[in-house]
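The values are calculated or read from the model by the stated rules, or taken from the named source; none is laboratory data. Because the structure is a prediction, the values reported are computed rather than measured. We place every Cβ from the backbone using ideal geometry, glycine too, and count neighbours over all the protein chains shown.
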Amino acid sequence: MNLSVRVGDVSFSNPIILASGTCGFGRELKEYMDFSKIGGISSKGLTLLPREGNEGVRIAETPSGILNSVGLQNPGVEAFLQTELDFMNTLGTKVIVNIAGHSTEDYVKMVEILGSPDKKIDALELNFSCPNVTEGCMSIGTDPEQVFSLMKKLRPLTKKPLWVKLTPNVTDITQVAAAAEAGGADAIVLINTLLGMKIDVKPRRPVLQNNTGGLSGPAVRPVAVRMTAQCYQAVKIPIIGLGGIATASDILEFMIAGASAVQVGTASLVHPNIAQGLSEELSEWMEKEGVKNIAELTGSLQYW
């Protein structure tokens, strides 16, 4: 069974990538799984300078999902290069680095640093929305014109693939996807978390000290699949789909809807080795169904 896929110029041994923010830089999960059995890993979201993240309660469980308000806690780009990138390249899988800026200048500097030819990075994943940060972080993902403008500034700075991670908190996701493509994006990643709130009824306060957080997990999967299908009709660049994936069937849904690859996030917080297991499940399904090449499923959805 051929599980290999391509996202633009990048080849993956299978379509499964660990999602940013749920696997750190791979250190914690290494004792639970063989990274060479999955397609890739997307790093914890990086900012130019270190961030401590949000104070107080950061995670709240909800029906079929979780709300997170971590607030981009990370060591910063320089510390990442000194202590984490070499380690990530020992894992035997593709390395994607997720970045989030507080300004246009931040994005420019990070792409210049991380996008240089000497860095062993397979793709840069640009987070253009920061739903869990209340101050100082750009949130341009809802505005197609700003997405296009920023991409036009970033595209000439590197030859590395630039993936744009899209927020679902918009009226029409296809407009933002098209703007990213027109600006020079090599792929789009969707969806990021949905903005949500959970209230503790006794004190009548939000559970999260940030008041709101990003909803992820199975609760968001139908929205993510719908947006993947919409964007597949609207753009020609590849799509990496994510949102509540926990089974091989979930992966197949995203690929049939139009995804070339997928990312697994929240589920790995429950089962640390789930990504490796999903790869095995996909092989079993393909053998049973007589599908020899999983990439053939991408965009095979038949509408009524």
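Please enumerate the residues belonging to segment 85-134 that are surrounded by fewer than 21 Cβ atoms within 10 Å (Cβ to Cβ) and acidic (Asp, Glu).
Once the filter is applied, which keeps residues that are surrounded by fewer than 21 Cβ atoms within 10 Å (Cβ to Cβ) and acidic (Asp, Glu), segment 85-134 yields Asp86, Glu105, Asp106, Glu112, Asp118, Asp122.
Across segment 286-301, what is the total count of residues that are over 22 Å from Pro238 (Cβ atoms) and touching a residue at least 24 places away in the same chain (Cβ under 8 Å)?
So the answer is 1.
Return the pair list, or none, for Cβ contacts closer than 6 Å from residues in segment 244-262 that are on the phi > 0 side of the Ramachandran plot and buried (at least 22 other Cβ atoms within 10 Å of the Cβ) to residues that are in a helix (DSSP H, G or I) and modelled with pLDDT of 95 or more, at least 6 apart or on different chains.
The qualifying pairs are Gly244/Pro218; Gly244/Val220; Gly244/Arg221; Gly258/Thr228; Gly258/Ala229; Gly258/Tyr232.
Spot the failing condition for Gly184; the list is (1) free of Cβ contacts under 8 Å to residues at least 40 places away in the same chain; (2) surrounded by 23 or more Cβ atoms within 10 Å (Cβ to Cβ); (3) small (Gly, Ala, Ser), and only one is missed.
(2)
Mind checking which residues of segment 141-165 are part of a loop (DSSP other than H, G, I, E, B) and either at pLDDT 95 or above or more than 23 Å from Val7 (Cβ to Cβ) (or both)?
Thr142, Asp143, Thr158, Lys159, Lys160, Pro161
Would you mention how many residues in segment 95-125 are within 15 Å of Val164 (Cβ to Cβ), of a type outside the set (S, T, N, Q) and assigned to a strand (DSSP E or B)?
So the answer is 7.
Checking the conditions here, which among Leu72, Leu48 is surrounded by 16 or more Cβ atoms within 10 Å (Cβ to Cβ), in contact with a His (Cβ under 8 Å, 6 or more places away or on another chain) and either part of a loop (DSSP other than H, G, I, E, B) or not aromatic (Phe, Trp, Tyr) (or both)?
Only one candidate passes the filter, namely Leu48.
Of everything in segment 75-87, what is assigned to a helix (DSSP H, G or I) and within 18 Å of Leu48 (Cα to Cα)? Give them in sequence order.
Passing the criteria: Val77, Glu78, Ala79, Phe80, Leu81, Gln82, Thr83, Leu85.
Looking at segment 78-110, which of the residues that are without any contact (Cβ under 8 Å) to a residue 40 or more places away in the chain and β-branched (Val, Ile, Thr) is farthest from Val262 (Cα to Cα)?
Checking each candidate, the answer is Thr83.
One line per residue, one yes/no per condition, for (1) part of a loop (DSSP other than H, G, I, E, B); (2) free of Cβ contacts under 8 Å to residues at least 12 places away in the same chain:
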{"residue": "Arg6", "(1), (2)": "no, no"}
{"residue": "Asn14", "(1), (2)": "yes, no"}
{"residue": "Cys23", "(1), (2)": "yes, no"}
{"residue": "Arg27", "(1), (2)": "yes, no"}
{"residue": "Glu31", "(1), (2)": "yes, yes"}
{"residue": "Ile41", "(1), (2)": "no, no"}
{"residue": "Lys44", "(1), (2)": "yes, no"}
